[in-house]
1. Among the GluC sites (Glu not before Pro) within segment A:88-190, which fall in a DSSP loop and have no more than 10 other Cβ atoms within 10 Å of their own Cβ?
2. Taking all pairs of distinct Cα atoms, average 1/r, flip it, and tell me the Kirkwood hydrodynamic radius of chain B in Å to one decimal place.
3. How high is the FRET efficiency between B:M224 and B:R329 when r is their beta carbon distance and R₀ equals 30 Å, given to the nearest 0.05?
4. Pop out the Kirkwood hydrodynamic radius of the protein assembly as shown from its pairwise C-alpha distances, inverse of mean 1/r, in Å to one decimal.
5. In segment B:4-19, whose amide N lies under 15 Å from the spot 7 Å out along Cα-to-Cβ of B:Q318? List them in ranges.
6. Which three extents, in angstrom, do the Cα atoms of segment A:91-174 have along their principal axes, listed largest first?
7. Running a GNM on chain A with Cα contacts under 10 Å, which residue among A:R330, A:R118, A:R305 ends up with the highest mean-square fluctuation?
8. Once you put a point 7 Å from the Cα of A:S49 and another 7 Å from the Cα of B:L48, both along the Cβ direction, what distance in nm separates them?
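Computed from the coordinates by the stated procedures, all read-outs in this text should not be read as laboratory data. As the structure is a prediction and not an experimental result, all values here were calculated from the model. Glycine also receives a Cβ, built like all others from the backbone with ideal geometry; neighbour counts cover every protein chain displayed.
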There are 2 protein chains.
Amino acid sequence: MYATVMHGPGDVRYEQVSDPRIEKPTDAIIKLSATCICGSDLWPYRGLSERNGPAHMGHEYCGVVVEVGSEVKTVKPGQFVVGSFCLSDNTCPHCAFGFHSSCQQGEFMTGAQAPYARVPLADGTLVATVEMPDADVIPHMLAVSDVLGTGWYAADAAQVRKGGTVVVVGDGAVGLMGVLAASQMGAERIIAMSRHATRQQLAREFGATDIVAERGADGIARIMDLTDGVGAESVLECVGMGESMDQAMGVCRPGGTIGYVGVPHGVSFDGQKLFFSQRRMLGGPAPVRRFLPDLMDRVLKGAIRPGKVFDLVLPIAQVAEGYRAMDERRAIKTLLRVDE
Amino acid sequence: MYATVMHGPGDVRYEQVSDPRIEKPTDAIIKLSATCICGSDLWPYRGLSERNGPAHMGHEYCGVVVEVGSEVKTVKPGQFVVGSFCLSDNTCPHCAFGFHSSCQQGEFMTGAQAPYARVPLADGTLVATVEMPDADVIPHMLAVSDVLGTGWYAADAAQVRKGGTVVVVGDGAVGLMGVLAASQMGAERIIAMSRHATRQQLAREFGATDIVAERGADGIARIMDLTDGVGAESVLECVGMGESMDQAMGVCRPGGTIGYVGVPHGVSFDGQKLFFSQRRMLGGPAPVRRFLPDLMDRVLKGAIRPGKVFDLVLPIAQVAEGYRAMDERRAIKTLLRVDE
């Protein structure tokens, strides 16, 4: 088959590769219903994270099971499934504690920007629907796999509560999903930090009550104004840069919580400063598997439409253009059609 | 009067100073029933934190109100009171949120290693008992003021829960109080890290179920053994050094929480490492005021005897020996009698 391979920074090709096959008895092979490009794919694309040789890209996926290994028990060919970018057995103590992204057997998904993909640990990783969803539901199901699951975790980690005040730092796809999550969790006030009109609009659609376009000290001052000098009890850091973390710290109230889901690049914390600022923090790769059944259910009920975050749809053969559009911020998030 | 003044590292003197007096209408003057030396007093004593000139030492206190400013309403002369080392108005949004140590008017107590002391923000800071407590209760009440309140906050910040597994890093007075707090909160397993026989014994008295004497990689391996390779869901970091924080990180399970109350000295965190380790963290100066009524109640009912942490009692005139004994680890914590 043809699939997406990154050969180096800025060099993404749709090229011939071996077909995926069952390698372990716990594997499944799925036919993708759709796939997409993640903000985290831009780190290696921009040369900002290390790579060893060509990499099979893609870790967000939903589709139909076509083959399973001999030990797979909970999913079977013909079922529609969604999985997380963190592969997990769903039975180890860390999974049982809700932290599937630290699964004792865990690994990261790869190779999903393709028509077919191998999913290891299929029993623990994949969640099947009862019926085959309609085509118009696919983008929303795909969003659940990573971008919504990650935004949801940011809100969960930030201890968003009903009636609470929330700030979302970052207006990328994850930040926008963080807004949606905070809204679903019943936050009364959701302040989205965004300078881009189209993203501001989407943030409002997802539930933002206030938009702050300023950044840095001005952004902090604006949010302090909006919160009577107190700050927010829950802050979602959805970028991963030093500036965005400083922003998150600056708008969080003492005793408030920062949920950070942008992989930190060049971020460090001084222990004593962190101590006296008295911010609670939890970050990490999102344990999306914990949230999958609930989020898929919300999609199927029509309660949420997270797939609206895809503002560019391309045939997968044009994946290179999909990366370019996101890199140049012409697109928030690119969905790749695999329907040929 | 005579009081305790630190002139520089290693140089603590009991010398003549001005009597404390009402400086603001919100002040109270108390006659100390007893006072003590804090582990944090050892930082400047050891030359490890900056000082500008001679400092009036002491921030742990209980005693009898002798005078109040014109605006003080909730305490009156003749009442026995306990306060926190963090002075707070108990009405600002941060106090209302339970984080009195970040009070908008907040300041730190000083000058309590003396027969009399001025307590600013008396209404918000001091909690009075209904009756004058017996003399044998005084050490326990004094412990509530800081060392127990801080250990309690460590356990609260670490989200200790009934039936949970807890590791306490640090066998100083605060660590021992962390053990007591975890026990009171219903933790099933409390692993205290300690190499000293007398402290191990006290930790057991306060509720430790296991003692680990090893440190560093060996200590982590031992605790991993004890927890079936999982780690603890709640870790109390009660030291504030790089090694102790590494220890805390190393024994905490993914998704678990570290409550850190030792003021960090030379501690920093790499953002990406923290992210992938997926530890929840909350530290800071303890908002003891939040816990005071409950803790004083537990003392008065005889449910807890935190004053057992004082293993050296000296007349306040011998305060310099009290510092030396703690510095040389001959004493866990020194109570200073002020009854002349």
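1. Taking segment A:88-190 and a limit of 10 other Cβ atoms within 10 Å, the loop GluC sites (Glu not before Pro) found are A:E131.
2. 20.1 Å
3. 0.60
4. 27.0 Å
5. Answer for this model: B:14.
6. Extents along the principal axes, in whole Å: 42, 37, 26.
7. Evaluated over chain A, the most mobile residue of the options is A:R330.
8. 3.7 nm
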